[in-house]
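The values are calculated or read from the model by the stated rules, or taken from the named source; none is laboratory data. Because the structure is predicted, anything quoted here is derived from the model rather than measured. Backbone-built Cβ (ideal geometry, glycine too); neighbour counts: all protein chains shown.
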Amino acid sequence: MADEFPFEISPMFEGERVRKDDMYVELAGPKSKGFELVSAVDIDEMEDGKFTLIGPDISDMEEGGRYPLAMIYRIAGELVEPDLEAIVERRNHDFQNYIQGVMHLNQRYDVWLRINKDSIAKGLNSFEDIAKATMMLFRNELPFIEKIDATYITDIEKVEDELAKAMERYAARDERTRNLHDEDVDTFYGCSLCQSFAPTSVCVITPDRIALCGAINWFDGRAAAKVDPEGPQFPIEKGELLDEIGGEYSGVNEVAQKLSGDEYNRIKIHSFFEFPHTSCGCFEVVGFYMPEVDGIGWVDRDYTGMAPNGLAFSTMAGQTGGGKQVIGFLGVGINYFRSPKFIQADGGWNRVVWMPKFLKDKVLADIPADIVDKVATEEDAQDLDTLKEFLKEKDHPVVKNWGADEEEEEDEESTGTSTAMPVFGMPDPAMLQNIPPMIGGGGGIKITLKNAKVSIDKIILSSKK
Amino acid sequence: MKVVAITGKGGTGKTAVAAMLIRWLVNRDATILAIDADPDSNLPEALGDVVEETLADQREFLLQERDNLPPDTDKERLLESRIYSILAERHGYDLLVMGRPEGSGCYCFTNNLLRNIMDRIIKNYDLVIIDTAAGLEHLSRGIIRDVDELVVVTDGSRRGLQTAERIRDLEKELDLKIRHMFVIFNKVTPQNRERLNKYAQELGLEVAGMVPFDEDIARFDLDGKALSELPATSTAVIEMENIIMKLGI
């Protein structure tokens, strides 16, 4: 198929590196400028297969030189729509790497190409060959493209002009991807990287929930699963929506049951208290419920002090991690604070009462305006008493629940649903089973109090009927 | 394509041996990738080179910036391109410095990306020489997989030999796919030559070579001169030829 081109075309050339010693020219890259852009246009607007070059061609370039390069493709077809632009654009990398002697790296305004000396010796002297081969691959591999044309630019001024325009298009696209939500997709992604040390952990990655480690968003899951569907990141069909607010899906539940070895069979991805997501140990931030204020605090890995509940990140992390559903604690990635569905089953931001200043500042722009000043940091509150005072003074939404304390607790016990137990609270025996290793499994419990100031009015122990 | 990892206790001269091997091999028209995988070592210096940015810097960049990137950025492509941009391209060899170890936080995903990237990069070379610390960090994390030859450099000291033994056990424990393991004795004197050979036999280690104590190396080291500039007549350099034969590279 490739006889018309002065080079071989095959996926086996992917990953082929052009070293400086072997390089004829370098295009775009970290020391020059360039970009790649695919845009969807009306089918009548264009002539299929047309190639336009603005600026010097390969044959005009000096050996060992470095030049700017913009590659602009326009595509059209009945099924072509702007939402596909990014997916199509991504393939330029693959297709150009299929060309022997051409190395294409990175994406968008960071593209970086090199052409091998050998290719020049074999007769490659025009961008037209590269563009035509790329267009042929686009059409073969993505049949919904009915028409495609290409404009390559090597003139620096023109590259800069067009780059400015392209930046606007990228920004518009980013706006759209940032607005992608759980309800807009049929597939979530799972990750089992942490199962080596948390064997029952199942990480569910959705557009509105980044992986606990903060490293894998929904798009990363999609990219990785596409490259290696048998790899650590894999697709999860959503299935039926069972609880919209909590974020419970039949497909997720099935995967959870299977991958946890029947350890649990339900996950609500936006819930803190009911069937919460498991926590592996990699999480960037751990959330902790404080019954004394009926609010949730969060502490990040880098915060070395104590949270108002008297515990440090490391202590709570040890307690939360391991791949169990731990009621009262929840590990999350920092980006989850930016999610519009952030613990929405439990009041979202209205339930957040404390976080270290560093963490709060990091996500400040995404905290709702009416709550932002009501979330305490270590500068406002260091323990439960100062926290209570702060919340009261700021009239935090949780304060409304304080009066109803007694009733609520009884309610919850009788229905058997779980609230979190702080370590220093009085444990309901049923709940203790949910509190992981720090307390020790099996018979007996060990409580170590260090530097503790405990005041207790009354302790009543009775067997549960 | 062959991957040779050179390791050993600090101070035994493993970096010197790595640099001399690279120097010798560059003359043979093979494309070589040299990887400095020991945060404490100075392979670039031994090669008379200066490298400013490390792979770890790129990894940290990704960790710092990941939430600010466009959401659908292909992070593997981004990381690959950044690693290519810090790969020092010299005549006859490229040099990659791994840099400082991981910080706190989770590196699982990033390391998974690095594994794919390193697999692809390594395939482009005839020979990959890795200077790695005795803990074999990058090998144990699988960032560099499928090492063909593991070479432990040791001096005549008992502790050096113990390290060799420990590395041999570690290799088994980690279940690395290493084809052969060799030992190179460095700073060998006529007095301890026989004894070292006997030790190696007792420990079941195959000897790839014995590098004699070399006045030139000591002098170059003090002067801060690159070992790659050692004269071809230097006794240590001559022994490299034997080692290369033995390693089959």
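Could you list, in sequence order, all residues of the range A:283-321 that are acidic (Asp, Glu) and within 28 Å of the chain's Cα centre (by Cα)? Walk me through it before giving the result.
Taking the range A:283-321 first, the residues acidic (Asp, Glu) are A:284, A:292, A:294, A:300, A:302.
Residues satisfying the conditions are A:Glu284, A:Asp300, A:Asp302.
Just checking, which of A:Val204, A:Val185 is within 29 Å of A:Cys280 (Cβ to Cβ), among the aliphatic types (A, V, I, L, M) and touching a His at 6+ places or on another chain (Cβ under 7 Å)? Please lay out each step first, then the result.
Values: A:Val185 fails: touching a His at 6+ places or on another chain (Cβ under 7 Å).
Result of the check over A:Val204, A:Val185: A:Val204.
Considering the range B:78-137 alone, what residues qualify as being under 24 Å from A:Trp112 (Cα atoms), among the acidic types (Asp, Glu) and touching a helix residue (DSSP H, G or I) at 6+ places or on another chain (Cβ under 7 Å)?
The answer is B:Glu80, B:Glu89.
Given the criterion charged (D, E, K, R) and at pLDDT 95 or above, identify the matching residue among A:Lys324, A:Lys388.
Numbers: A:Lys324 fails: at pLDDT 95 or above.
Only one candidate qualifies: A:Lys388.
Restricting the range A:301-336 to residues that are within 12 Å of chain B (Cβ to nearest Cβ) and without any contact (Cβ under 8 Å) to a residue 40 or more places away in the chain, which is nearest to A:Val204 (Cα to Cα)? Steps first, please.
Restricting attention to the range A:301-336, the residues satisfying the condition of being within 12 Å of chain B (Cβ to nearest Cβ) are A:301-304, A:313-314, A:317, A:321, A:331, A:333-336.
So of that shortlist, the ones also without any contact (Cβ under 8 Å) to a residue 40 or more places away in the chain come out as A:301, A:304, A:313-314, A:317.
On the way: A:Arg301: 21, A:Thr304: 28, A:Phe313: 23, A:Ser314: 23, A:Ala317: 19 Å.
Checking each candidate, the answer is A:Ala317.
Do we have any residue at all in the range B:8-20 that's β-branched (Val, Ile, Thr), farther than 30 Å from A:Val285 by Cβ and assigned to a helix (DSSP H, G or I)? First the steps, then the outcome.
Of the residues in the range B:8-20, the ones β-branched (Val, Ile, Thr) are B:12, B:15, B:17.
Among the residues that remain, those that are also farther than 30 Å from A:Val285 by Cβ are: B:12, B:15, B:17.
Filter once more, keeping what is assigned to a helix (DSSP H, G or I): B:15, B:17.
Yes: the range B:8-20 contains one or more residues that are β-branched (Val, Ile, Thr), farther than 30 Å from A:Val285 by Cβ and assigned to a helix (DSSP H, G or I).
Identify all residues within the range B:69-93 that are part of a strand (DSSP E or B) and facing chain A (nearest Cβ under 7 Å); write none if there are none.
In the first step, residues of the range B:69-93 are kept if they are part of a strand (DSSP E or B); the result is B:88-89, B:93.
Residue satisfying the conditions is B:Glu89 alone.
Is the range A:328-347 home to any residue that is modelled with pLDDT under 95, crowded, with 21+ Cβ neighbours inside 10 Å, part of a loop (DSSP other than H, G, I, E, B) and out of contact with any Leu (no Cβ under 9 Å at 6 or more places or on another chain)?
Checked the range A:328-347: at least one residue is modelled with pLDDT under 95, crowded, with 21+ Cβ neighbours inside 10 Å, part of a loop (DSSP other than H, G, I, E, B) and out of contact with any Leu (no Cβ under 9 Å at 6 or more places or on another chain).
Look at B:Thr110 and say whether it is in contact with a Phe, Trp or Tyr (Cβ under 8 Å, 6 or more places away or on another chain), within 11 Å of another protein chain (Cβ to nearest Cβ) and surrounded by 17 or more Cβ atoms within 10 Å (Cβ to Cβ).
Working: in contact with a Phe, Trp or Tyr (Cβ under 8 Å, 6 or more places away or on another chain): no; within 11 Å of another protein chain (Cβ to nearest Cβ): yes; surrounded by 17 or more Cβ atoms within 10 Å (Cβ to Cβ): yes.
Here the answer is no, as B:Thr110 does not meet what is asked.
Could you figure out which of (1) at pLDDT 95 or above; (2) assigned to a loop (DSSP other than H, G, I, E, B); (3) within 14 Å of another protein chain (Cβ to nearest Cβ); (4) more than 14 Å from A:Ser119 (Cα to Cα) isn't true of A:Gly15?
It is condition (1) that A:Gly15 fails.
Yes/no per residue for (1) more than 22 Å from A:Phe7 (Cα to Cα); (2) surrounded by fewer than 20 Cβ atoms within 10 Å (Cβ to Cβ); (3) within 14 Å of chain B (Cβ to nearest Cβ):
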site: A:Asp60; (1), (2), (3): no, yes, no
site: A:Met71; (1), (2), (3): no, no, no
site: A:Gln96; (1), (2), (3): no, no, yes
site: A:Ile99; (1), (2), (3): no, no, no
site: A:Tyr109; (1), (2), (3): yes, yes, yes
site: A:Glu146; (1), (2), (3): yes, yes, no
site: A:Tyr152; (1), (2), (3): no, no, no
site: A:Glu157; (1), (2), (3): yes, yes, no
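What pairs can you find where one residue is in the range B:212-232 and over 16 Å from B:Gly11 (Cβ atoms), the other is among the hydroxyl-bearing types (Ser, Thr, Tyr), and their Cβ atoms are less than 6 Å apart, with a gap of 6+ or different chains?
Filtered contacts from the range B:212-232: B:Pro212/B:Thr235; B:Asp216/B:Ser234.
Hey, any hits in the range A:249-266 for a residue that's facing chain B (nearest Cβ under 9 Å) and within 19 Å of the chain's Cα centre (by Cα)?
Our first condition is that a residue be facing chain B (nearest Cβ under 9 Å); within the range A:249-266, this holds for none.
No: zero hits.
Taking the residues in the range A:348-372 that are farther than 27 Å from A:Ile267 by Cβ and in a loop (DSSP other than H, G, I, E, B) as candidates, determine which candidate is nearest to the other protein chains (Cβ to nearest Cβ). Break it down stepwise before answering.
Initially, the range A:348-372 is screened for residues farther than 27 Å from A:Ile267 by Cβ, giving A:356-358, A:360-361, A:364-365, A:369-370, A:372.
With in a loop (DSSP other than H, G, I, E, B) added as a condition, the list becomes A:356, A:369-370.
On the way: A:Pro356: 15, A:Ala369: 21, A:Asp370: 24 Å.
Checked the range A:348-372; the qualifying residue nearest to the other protein chains (Cβ to nearest Cβ) is A:Pro356.
Report every pair of residues separated by at least 6 positions or lying on different chains whose Cβ atoms are under 7 Å apart, first residue within the range A:68-84 and over 15 Å from A:Thr151 (Cβ atoms), second among the basic types (Lys, Arg).
A:Gly77/A:Lys147
Show me the helices (runs of 4 or more DSSP H) entirely contained within the range A:96-194 in which 3 or more residues are without any contact (Cβ under 8 Å) to a residue 40 or more places away in the chain and aliphatic (A, V, I, L, M).
Those helices (runs of 4 or more DSSP H) span A:156-178.
Can you pull out every residue in the range B:26-67 that is of a type in the set (Gly, Ala, Ser) and within 14 Å of chain A (Cβ to nearest Cβ)? Quick ask: steps written out before the conclusion?
In the first step, residues of the range B:26-67 are kept if they are of a type in the set (Gly, Ala, Ser); the result is B:30, B:34, B:37, B:41, B:46, B:48, B:56.
Matches in the range B:26-67: B:Ala30, B:Ala34.
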